[in-house]
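**Q** Dumping the structure here so I can ask a few things about it.
The values are calculated or read from the model by the stated rules, or taken from the named source; none is laboratory data. All values derive from a computational prediction rather than experimental measurement. Don't worry about glycine lacking a Cβ; one is built from the backbone with ideal geometry, like all the others, and counts go over all protein chains shown. Heavy atoms of the whole protein, side chains included, go into the accessibility calculation; ligands, DNA and RNA do not. Shrake-Rupley method; radii C 1.70, N 1.55, O 1.52, S 1.80 Å.
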Amino acid sequence: FEMMIGNIISDRAVQDRAGYAKYDIVVANILADVILLLQGEVPVHLKPGGVFISSGIIDKKEKAVTDAILANDAFELLETVRQGEWVSITARKR
């Protein structure tokens, strides 16, 4: 187990340290605005067939996150789960 602190979205050193095509699953329970940025970075770190679970999405932002994931050719949408005003979206790397 290794812990890193940094910005994987924009810091190349953090991206390199995290590694590429290395993970079976990535989970992000954070604000939708951050998930919108992460969905562009996460695929390079996932193995083919790897899963990206994003949650902590307020229902008002569901469409924006879903649209971004669908627009990213690296992903196929697997599932959307709603609980009250909260949403979780799961996608698989192609």
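**Q** For the range 4-40, what are the residues that are touching a Leu at 6+ places or on another chain (Cβ under 9 Å) and hydrophobic (A, V, I, L, M, F, W, C)?
**A** Ile8, Ile9, Ala21, Ile25, Val26, Ala28, Ile30, listed by residue number.
**Q** Could you tell me how many of the residues in the range 55-81 are closer than 10 Å to Ala91 by Cα and either open to solvent by less than 20 Å² (accessible area, probe 1.4 Å) or not charged (D, E, K, R) (or both)? Walk me through it before giving the result.
**A** Step one: filter the range 55-81 for residues closer than 10 Å to Ala91 by Cα, giving 66, 69-70, 74-80.
Checking which are either open to solvent by less than 20 Å² (accessible area, probe 1.4 Å) or not charged (D, E, K, R) (or both) leaves us with 66, 69-70, 74-75, 77-78, 80.
Qualifying residue count, the range 55-81: 8.
**Q** Considering only residues that are open to solvent by 70 Å² or more (accessible area, probe 1.4 Å), in contact with a helix residue (DSSP H, G or I) (Cβ under 9 Å, 6 or more places away or on another chain) and in a strand (DSSP E or B), which ones fall in the range 84-94?
**A** Kept after step one, since they are open to solvent by 70 Å² or more (accessible area, probe 1.4 Å), are these residues of the range 84-94: 84-86, 92, 94.
Those still in the list that are in contact with a helix residue (DSSP H, G or I) (Cβ under 9 Å, 6 or more places away or on another chain) too: 84-86, 94.
Of everything in the range 84-94, just one residue is open to solvent by 70 Å² or more (accessible area, probe 1.4 Å), in contact with a helix residue (DSSP H, G or I) (Cβ under 9 Å, 6 or more places away or on another chain) and in a strand (DSSP E or B), namely Trp86.
**Q** Could you tell me which residue of the range 1-54 is least open to solvent (accessible area, probe 1.4 Å), considering only residues that are among the basic types (Lys, Arg) and in contact with a strand residue (DSSP E or B) (Cβ under 9 Å, 6 or more places away or on another chain)?
**A** Let us first name the residues in the range 1-54 that are among the basic types (Lys, Arg), namely 12, 17, 22, 47.
Remaining after also requiring in contact with a strand residue (DSSP E or B) (Cβ under 9 Å, 6 or more places away or on another chain): 22, 47.
On the way: Lys22: 110, Lys47: 76 Å².
Within the range 1-54, the match that is least open to solvent (accessible area, probe 1.4 Å) is Lys47.
**Q** I would also like to ask the following. Of the residues in the range 1-48, how many are over 15 Å from the mean Cα position of the chain (by Cα) and among the aliphatic types (A, V, I, L, M)?
**A** Of all residues in the range 1-48, those over 15 Å from the mean Cα position of the chain (by Cα) come to 1-6, 11-14, 16-17, 19.
The next check asks that each one be among the aliphatic types (A, V, I, L, M); those that pass are 3-5, 13-14.
Selection size over the range 1-48: 5.
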